[in-house]
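Student: Structure below; questions to follow.
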Amino acid sequence: MKRAWTLPVSFAAGGALLAAGLVVDGSSGAAAATFLVFVLIAGLHSPLAFPRSVGALEAQHRSAVDGRPVVYWRAGCKYCLRLRFRLGRNAGRLHWVDIWSDPAGAAAVRAANDGNETVPTVVVAGRAYTNPDPEWVRGQLASSV
């Protein structure tokens, strides 16, 4: 879990340091704006931007029951962010597995991607698709209902 927060905390700390420098220079308005931008970037790269993750085994079980795809992701991945935001409200209907907080999820991704932890990896009906088009994923979700 610590690994998933390294990048967001780094963004927030860097923004705080930059803002502190601007305050010392007498630019408190610019400091506040700079800090806010860095906090927003940190939030986008954190697990908070994604629906709540479940473990890989739980996600596989739920997918077997309801037919919804499983998405393996990690914090800081721009392709995962793209998928998440392009899916919009439908993202909450998928089963999300954070590979940095679930070793079984990381192992499933490595098994599907020749030993690489390439995300997002979406599993539909037992078949893995690496970095699929968000519209395709939306279509798979619609057909699973």
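The values are calculated or read from the model by the stated rules, or taken from the named source; none is laboratory data. Quick caveat, the model's predicted, so the values are computed rather than measured. Note that we place each Cβ from the backbone using ideal geometry, even for glycine, and neighbour counts take in every protein chain shown.
Student: Quick one: in segment 63-88, of everything that is part of a helix (DSSP H, G or I) and aliphatic (A, V, I, L, M), which residue is nearest to residue 49 (Cα to Cα)?
Tutor: 81
Student: Next up: Mind checking whether some residue in segment 25-38 is in contact (Cβ under 8 Å) with a residue 24 or more places away in the chain and touching a Phe, Trp or Tyr at 6+ places or on another chain (Cβ under 9 Å)? Spell out the reasoning first.
Tutor: Within segment 25-38, the first condition is being in contact (Cβ under 8 Å) with a residue 24 or more places away in the chain, and the residues that meet it are 38.
The next check asks that each one be touching a Phe, Trp or Tyr at 6+ places or on another chain (Cβ under 9 Å); those that pass are 38.
The answer is yes, given that some residue of segment 25-38 is in contact (Cβ under 8 Å) with a residue 24 or more places away in the chain and touching a Phe, Trp or Tyr at 6+ places or on another chain (Cβ under 9 Å).
Student: Determine if segment 24-43 includes at least one residue that is among the acidic types (Asp, Glu) and outside the structural domain of residue 10 (by TED's automatic domain parsing).
Tutor: no
Student: Within segment 85-107, is there a residue that is among the polar types (S, T, N, Q), within 21 Å of residue 8 (Cα to Cα) and crowded, with 16+ Cβ neighbours inside 10 Å?
Tutor: Taking segment 85-107 and keeping what is among the polar types (S, T, N, Q), we get 90, 101.
Okay, now just the ones that are also within 21 Å of residue 8 (Cα to Cα), so 101.
From what is left, the residues that are crowded, with 16+ Cβ neighbours inside 10 Å are 101.
Within segment 85-107, one or more residues are among the polar types (S, T, N, Q), within 21 Å of residue 8 (Cα to Cα) and crowded, with 16+ Cβ neighbours inside 10 Å.
Student: Assigned by TED's automatic domain parsing to the domain that holds residue 66 and over 27 Å from residue 40 (Cα atoms): does that describe residue 121?
Tutor: no
Student: For segment 103-120, which positions are charged (D, E, K, R) and touching a Phe, Trp or Tyr at 6+ places or on another chain (Cβ under 9 Å)? Lay out the reasoning, then the answer.
Tutor: Of all residues in segment 103-120, those charged (D, E, K, R) come to 110, 114, 117.
Correct list: 117 only.
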